[in-house]
Amino acid sequence: MKVLSYIFYAIWCFVILGVGVGAGWIGLGRDSVTFEFIKRKNPLPIFRPKTPPEIFGGNVFYLLVLGCDEDRSFINQDVTRRKARSDMMLCMRLDFEKNLITGVSIPRDTLVQLPGYRMQKINAYHVFGGPDLSERAAESVLGVDINRTVVLDFEAFQKMINLVGGVDIFVSKKMKWTDRAGDLYIDLKPGRQTLNGYNAMGFVRFRHSDSDYERQKRQKELMIAFQEALMANKLAGPAVADEAKNLLSGGLNSEEIAALMEFGEKVGQDNIKMGMVPVTEGRDRAYGYYMLVDQDKINSVLEEFLFRPKSYAADAP
């Protein structure tokens, strides 16, 4: 099931920022957050959740987010292999000191060669070695040590939207696309409307007649709409927070999610910056359509988004 690379922007930001408005909901549960006593004159202890730097071991944390295909049978549409190719790859840099999120996505058709493997498109490494090998491939492109890799669960994405009663979105044009092999049916009419989880997924996955910049804009609109829906349905907060763990396929525990929620409360929209690895395009008989990292531009792009080489001590957690 082909999935648009830029959907990362919407999903991950809506986890950190959208769920982040409800940090207080999960922050009071002793079973989900580690607390420490704060000594005061008052004999009753006051509990304080650990801060993000305490939880993650530093002020900067690199997180790789993967969204993967499902291989389906053309006979009966049964899933034959879940999480096959990693067709979405986004590395997020979370700066807990400056309350800043930057991210760089890697196009799925980018050719990368790791030691012991032939040159191939980066999305294929997940097939051979799962998230760990995908992480190594991303590190080879970005030149940073990635602290954690998570794989998105798109069913949980839809559940989170439904838990808040849907999202109020203005659809600027007709969006219609059918992918039977991927079990994807997008049919949205223009105008303002409330989208349920499935239609919200279609809203951000639609990739026909669009530029990458338009898709990023649409996904940011979804993130903001989710924030607003969650604020209007605060009783859904605990259930949304629980589903956030499922969205990340268990890649972050409750304590870590609570820390990110605290962080998300402090991050404004102006402190989110997303970009893409610069590439050149090509086509040949061996690879079909492919991309190559533009070596003349990659360093300036990584510097713009504050990605540091492995030797940069200030980023070490």
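Working out 0.36 nm times the residue gap between Tyr185 and Lys297, then minus their Cα-Cα distance, what length gain in nm do you get to one decimal? Write out the running numbers ahead of the final one.
Working: separation 112, 0.36 × 112 = 40.32 nm, distance 3.76 nm.
Result for the pair: 36.6 nm of gain on full extension.
Could you give the length gained by full extension between Lys174 and Gln113, i.e. 0.36 nm per residue of separation minus their alpha carbon distance, to one decimal place? Please report the intermediate quantities before stating the final value.
Values: separation 61, 0.36 × 61 = 21.96 nm, distance 4.01 nm.
Difference between extended and current length: 18.0 nm.
Each residue of the stretch 199-205 in order: what ³J(HN,Hα) in whole Hz does its phi give by Karplus 6.51 cos²θ - 1.76 cosθ + 1.60, θ = phi - 60°, with x for Gly and Pro?
5, 5, 4, x, 4, 8, 8
Fewest first, what order do Lys176, Lys220 take by the number of other Cβ atoms within 10 Å? Before the final figure, lay out each step's value.
Numbers: Lys176 13, Lys220 18.
Fewest-to-most Cβ neighbours within 10 Å comes out as Lys176, Lys220.
Where does each of 298-307, 118-127 land if you order them by average Cβ count within 10 Å, highest first? Before the final figure, lay out the partial values.
Values: 298-307: 15.4, 118-127: 19.3.
Ranked from most to least packed, the peptides come out as 118-127, 298-307.
Under 5 Å between amide hydrogens, which residues at least 5 positions from Lys176 or on another chain qualify, with H placed 1.01 Å from N in the peptide plane?
Amide H to amide H, under 5 Å and 5 or more residues apart or across chains, Lys176 pairs with Leu188.
Only the coordinates and a few stated rules stand behind these numbers; no lab work does. Worth saying up front: this structure is predicted, and the values here are computed from it rather than measured. Note that each Cβ is placed from the backbone with ideal geometry, even for glycine, and that neighbours are counted across all protein chains shown.
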